[in-house]
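Accompanying notes for the structure given below.
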Amino acid sequence: MKTYLQLIIGFILFCLSIENVFAIDTLSAQTNEFLVQKIDSFQYDKNNTKVWKYINAYILKAKIRKDNETLFYGYKEGIFYSSDYLDKLKYADSTIFTAQKTRNNDFIIQSYLSKGLIHFQFKKFQPALENYLIAEKKLNNQSSEYISYKVIFNLALIKFHLKQFSESDVLFQKCSSFFEKNSLDVNHHVYFLNTLYYRAQILQAQQKYKRASLLNQQGLRLSQENENIYFIHYFSFSTGIDYYIENNFQQTINLLTKELNYLEKQEDFNTLSKAYFYIGKSFEKLDNFKTSIEYYEKIDQLFNQYEFLDSDLRPAYESLIDYSTKKNDYKNQLYYINQLLKLDRLTQRNFVKLSPIIQKEYDEKELLKLKKNVEFKLRFYPFLMISIFILSLISVFVIYKRFYKNNLLPRKKTISLPITDIPPEILLDISKQLDEFEVNQQFLQPTLTLSQLAKSFKTNSAYLSKIINLEKGTNFSNYINQLKINYILNLLTNSKKFHQHSISDLAELGSFTSARHFSDAFFQMTSLRPYEYIRQLKSQFNTPD
């Protein structure tokens, strides 16, 4: 009986496959224009499986005619409409193979960009970068400007996600200028909007909130004028973050909640997790802790599903740990501690070239200590209920005192948007020069003063000092020291050879006046002395002493 049913099911599936093949064969007789129009009609409904009969017909027709150019575009449609990582890679490899057969260098470059983008979408940054660099190497004098700037744009994206904001912004600005000049073309216009979107996020990360808000407003207006649904939603999302920065927490909740459904349909788990985060933080600011925890739990679900989470969302887990601690919920407390440790490990693995100094409410040492404490409580709770109850009260008090009084409270910052009397055009010009100053590492001049830098910027010291305080949140001296320390951190992180340098050598490399001055500045920024930090790196990289 079982065999008989299997035969019936097999026969039905065979008939359906024959019917599907027949439909594809029939559709392949249609014109390319007809098939492309049908395929494009599904661009806002990517998960609709009906699109595949048109894609397969388009590919089949190109194969029959041995039309490699059309076949190239057919495989690109396959990449776009596939949702599975491996399926996308399969089409990407076919795109590369077909592009090479066309001997069209622009097609070859595009095919490697497409494969890099797949890796990028799934947050596999190393293979993404490898494919982008292959594309960059294949650029030549005959390459179209559009393709060249697409390569630059994608390299900027990698730097953006590695938190190298100044460097990525310089590249995005180059792209923005080119794509804006040619924005009458639909493809150029889309890339122009993309550069505005990422530049706004960079400015938010750099705490240049006014400029970020202006770019978001510009992007939203242009998206609405051109009826670009995708960017209307994404600039609305970014505007929601502007509201949060401006302490308009209810507006943040209202706007970002509206965007959740669209982000879910886009399967953009990274942006979706950020939306959950800012909604959760807004509820937290409004003292609605229970609802904020619900949104942080949604972030945890995405983290488990995709094995990736932006390190900027780390505070969500810190809040979950604190909430569990207050509730004496040791099981969840231990779970979230493990999740936070997992996030730190993945961050370290995924961002090899990212400076390991991340401002954390709980560092790894504290987490492991807390984890051990919680595991002990869980193991002996059934046997020592009364004693554990007393100990848990003491533990909660200690944890509260340690993490709230010593860590959380001092690090909370009140976001303010200072009003300045500096003319906007001067503010923008000096801000741009500061970005270039950082990228070109001009801060390594040994005896640089505020007046010298102001003179090179063709402005006065008062304006420059105000703008540094406004945009960098610190004075000139600390600003220069922070840049120098970041420079040394990058050297130490990117090359083992610097692990063997003396403190004096490192101070000289960073243009500090003395080893003591360097050590103090390093400690102020990282809470570690240089030798302690290098010892940790040696342990991490297995560098011999």
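The values are calculated or read from the model by the stated rules, or taken from the named source; none is laboratory data. This one's a predicted model, so the numbers in the text were calculated from it and none came from an experiment. All Cβ positions, glycine included, derive from the backbone under ideal geometry; neighbour counts span all protein chains shown.
Assorted remarks:
- The criterion of being closer than 30 Å to ILE422 by Cβ, more than 30 Å from the chain's Cα centre (by Cα) and surrounded by 17 or more Cβ atoms within 10 Å (Cβ to Cβ) does not hold for SER451.
- Within region 120-135, being assigned to a helix (DSSP H, G or I) and surrounded by fewer than 17 Cβ atoms within 10 Å (Cβ to Cβ) holds for GLN121, GLN126, PRO127, GLU130, LEU133.
- Scanning region 502-520 turns up no residue that is in contact with a helix residue (DSSP H, G or I) (Cβ under 8 Å, 6 or more places away or on another chain), acidic (Asp, Glu) and assigned to a helix (DSSP H, G or I).
- Residues of region 160-180 classified as among the aliphatic types (A, V, I, L, M) and not in a helix (DSSP H, G or I), total: 1
Per-residue answers, yes or no, for (1) at positive phi; (2) within 34 Å of the chain's Cα centre (by Cα); (3) at pLDDT 85 or above:
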site: GLU436; (1), (2), (3): no, yes, no
site: PRO446; (1), (2), (3): no, no, no
site: ASN460; (1), (2), (3): no, no, yes
site: SER465; (1), (2), (3): no, yes, yes
site: GLY473; (1), (2), (3): yes, yes, no
site: ASN478; (1), (2), (3): no, yes, yes
site: LYS484; (1), (2), (3): no, yes, yes
site: TYR487; (1), (2), (3): no, yes, yes
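- Region 102-118, subset of a type in the set (S, T, N, Q) and part of a helix (DSSP H, G or I), residue surrounded by the most Cβ atoms within 10 Å (Cβ to Cβ): SER111
- Within region 128-154, if we keep just the residues that are at pLDDT below 90 and under 15 Å from the mean Cα position of the chain (by Cα), the residue that is nearest to GLN442 (Cα to Cα) turns out to be LEU129.
- Qualifying residues in region 181-214 (those that are not in a helix (DSSP H, G or I) and not basic (Lys, Arg)) - the one surrounded by the fewest Cβ atoms within 10 Å (Cβ to Cβ): LEU184
- Some residue of region 65-80 being over 23 Å from TYR44 (Cα atoms) and of a type in the set (Asp, Glu): yes
- Long-range neighbours under 6 Å by Cβ, at least six apart or interchain, first residue over 13 Å from LEU117 (Cα atoms) within region 78-95, second among the charged types (D, E, K, R) and assigned to a loop (DSSP other than H, G, I, E, B): TYR81/LYS46
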